[in-house]
Amino acid sequence: MNEPTTTTRLESGRHPVNIGHLVMGLAFASFVAIWALLTAGAIQDESLRWLMPVPWVLAGAIGLAAVALAGRRRTTPEEPHPTPEEYR
Amino acid sequence: MTENQNDPGPQATEDPHPHEGPRVSGAEMRDLTRLRRSSTDKRVAGVAGGLGRHLDIDPVILRVAFVVLTFFGGAGLLLYIAAWLLVPDDSTGRAPLQTDARTRTIALVGVGILAVLVSLGDWGGWIWFPWPLVLVAVIAWLVLSNRNNPPAPPVTPGGPVSDGGGTTAYPSADSGGQPPTHTAVLPPAPPRNPRKRGPILFWFTMALTALALGTLGIVDLAGAPVADSAYPALALGTIAAMLLVGSVYGRAGGLILVGLAALVALVGATAAERWDTADVTERPTVAADVDQEYRNGAGELVLDLTGVRDLEELDGRTLEVDGGLGRVEIIVPGDLDVHVDAEVGGPGSIRLFGDQRDGFNVRDEARADGGPDAPSLQIDAFVGVGEIEVIQR
């Protein structure tokens, strides 16, 4: 049996986009960005009222776009799927 | 379980109390994969009948519970619809939303937690977390994941799939690789979820977060200006980065929950930093000194109107009191007609003239009668998180 190389091990961990993790990761990152802007004084406290929904809207929109893109890729005929043997 | 109920065995004929005693173990109750909707004992979709069989209690109790819980923010309806959509029927083995057993269990537990939150308070206004969006997202996720799953084959009547004797067509560990003597009717194992490949990222992320926080702590102790809120912000940023990595590589399960906890900590730390607590007491003695609006960022705000000598000058006026985070106490004299509209945006309590309400996004109104020809005052009180109390003296 061949020893898996680092590249093949890294490749084996790649998978189709997990939308839930993508959306929540983006939302959390956006909240950190808002915190950084607030702490740096780039935005005022009053702006928080309308900035609070922005991370959810941004993450949701990108998540929906990712779903749509993944759906398009799935319906587009491309190279044949690997056989179960190839997965192993 | 099912076999025992259908076939009590020879000893049952001698049992003087055939309908007493536990017939379902705790482990079986906790195993939600065994839950099936009843096709025989049903009023609407067989949810209560199936759940009653699963928990070994009278379905009538559960039907009443569903109806009662419906009046608590719709929790009963939410639970019933979720069970209807997710739990398979015992005759066909199919559910309107076909999911694998693990997904179904997670979804049912999630809906249960959501129902508890819903029944605790008015979910629509609970802080700024978009609960309705979460519900829609969960349903959409189930529908989308359902499209990728092949439909489950029908199950032979007589009980859940897992009751098939416990043996499978796969070689067991103690059989030395030899095939078993018989095969069960279990369907083949579903293909592995392609999104669950690669290393588990949870513990790596925990270690990375600990390392990052420790480094920030050293920088902080070295004298660099580090805000308290930088700690949860750094943790949240690390988790966010690993979630983004995990969306295409490895398995990031569990990180969302930790991220939500870090987000709550970040909001709390930032709020504590930016709004220093201040206790304010206002005791105006004439109506002209009573402001139209009182505001406090955080802390306690006490407004005592009992010292106002010319109460008639307050007639027809409206006071707005905003306490931010903390407590608002308003003391009104007994010879004043007072109408109070109070609201706590987040978790907290309202106590108006002795009548108390607690919960999330609490609203209440009350009126105090000051007697005939008494001047009338309107008070609109609000706090984000905390307590509002109005007392008449």
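What the table below lists for this structure:
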read-out: In segment B:213-260, the residues that are among the hydrophobic types (A, V, I, L, M, F, W, C) and over 25 Å from A:Trp56 (Cβ atoms); value: B:Leu213, B:Leu216, B:Ile218, B:Val219, B:Leu221, B:Ala222, B:Ala224, B:Val226
read-out: Enumeration of residues in segment B:94-129 that are at pLDDT below 55 and out of contact with any helix residue (DSSP H, G or I) (no Cβ under 6 Å at 6 or more places or on another chain); value: B:Asp122, B:Gly124, B:Gly125, B:Trp126, B:Ile127, B:Trp128, B:Phe129
read-out: Residue that is farthest from B:Asp31 (Cα to Cα), among those in segment B:75-94 that are touching a residue at least 40 places away in the same chain (Cβ under 8 Å) and open to solvent by less than 20 Å² (accessible area, probe 1.4 Å); value: B:Ala75
read-out: Filtered residues of segment B:242-268 (kept if of a type in the set (Gly, Ala, Ser) and either open to solvent by 60 Å² or more (accessible area, probe 1.4 Å) or more than 7 Å from chain A (Cβ to nearest Cβ) (or both)); value: B:Gly253, B:Gly254, B:Ala261, B:Ala262, B:Ala265, B:Gly268
read-out: Selection count, segment B:251-273, where residues are at pLDDT 90 or above and touching a helix residue (DSSP H, G or I) at 6+ places or on another chain (Cβ under 8 Å); value: 8
read-out: Segment B:366-385, residues that are open to solvent by 20 Å² or more (accessible area, probe 1.4 Å), part of a strand (DSSP E or B) and farther than 19 Å from B:Leu305 by Cα; value: B:Val385
read-out: Condition met for B:Gly345 (modelled with pLDDT under 85, surrounded by fewer than 17 Cβ atoms within 10 Å (Cβ to Cβ), of a type outside the set (A, V, I, L, M) and in a strand (DSSP E or B)); value: no
read-out: Tally, over segment B:303-327, of residues that are within 27 Å of B:Ala271 (Cβ to Cβ) and basic (Lys, Arg); value: 1
read-out: Yes/no for B:Val226 being part of a loop (DSSP other than H, G, I, E, B) and either among the aliphatic types (A, V, I, L, M) or away from chain A (no Cβ under 11 Å) (or both); value: yes
read-out: Candidates A:Pro16, A:Pro4 - the one that is more than 7 Å from chain B (Cβ to nearest Cβ) and either at pLDDT 90 or above or over 23 Å from B:Pro232 (Cβ atoms) (or both); value: A:Pro4
read-out: Residues that are within 27 Å of B:Asp380 (Cα to Cα), out of contact with any strand residue (DSSP E or B) (no Cβ under 6 Å at 6 or more places or on another chain) and facing chain A (nearest Cβ under 9 Å), drawn from segment B:271-296; value: B:Arg274
read-out: Close pairs from segment B:28-44: first of a type outside the set (Ser, Thr, Tyr), partner open to solvent by 50 Å² or more (accessible area, probe 1.4 Å), Cβ under 6 Å, at least 6 apart; value: B:Met29/B:Leu55
read-out: Those residues of segment A:58-88 which are at pLDDT 75 or above, open to solvent by 100 Å² or more (accessible area, probe 1.4 Å) and of a type outside the set (Lys, Arg), in sequence order; value: A:Leu64
read-out: Per-region count, segment B:269-303, residues part of a helix (DSSP H, G or I), open to solvent by less than 40 Å² (accessible area, probe 1.4 Å) and more than 16 Å from B:Asp322 (Cβ to Cβ); value: 3
read-out: The one condition in (1) more than 9 Å from chain A (Cβ to nearest Cβ); (2) surrounded by fewer than 18 Cβ atoms within 10 Å (Cβ to Cβ); (3) within 27 Å of A:Val17 (Cα to Cα) that B:Leu201 fails to fulfil; value: (2)
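Matching residues to (1) modelled with pLDDT of 95 or more; (2) on the phi > 0 side of the Ramachandran plot; (3) within 10 Å of another protein chain (Cβ to nearest Cβ); (4) open to solvent by 40 Å² or more (accessible area, probe 1.4 Å):
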residue	(1), (2), (3), (4)
A:Arg9	no, no, yes, yes
A:Phe28	yes, no, yes, no
A:Ala40	no, no, no, yes
A:Leu48	no, no, yes, no
A:Met52	no, no, yes, yes
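Quick grid of which residues meet (1) touching a residue at least 12 places away in the same chain (Cβ under 8 Å); (2) among the hydrophobic types (A, V, I, L, M, F, W, C):
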site: B:Gly214; (1), (2): no, no
site: B:Ala230; (1), (2): yes, yes
site: B:Leu260; (1), (2): no, yes
site: B:Pro284; (1), (2): yes, no
site: B:Glu300; (1), (2): yes, no
site: B:Leu303; (1), (2): yes, yes
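The values are calculated or read from the model by the stated rules, or taken from the named source; none is laboratory data. None of these values were measured; they are calculated from a predicted model. Backbone-built Cβ (ideal geometry, glycine too); neighbour counts: all protein chains shown. Heavy atoms of the whole protein, side chains included, go into the accessibility calculation; ligands, DNA and RNA do not. Shrake-Rupley method; radii C 1.70, N 1.55, O 1.52, S 1.80 Å.
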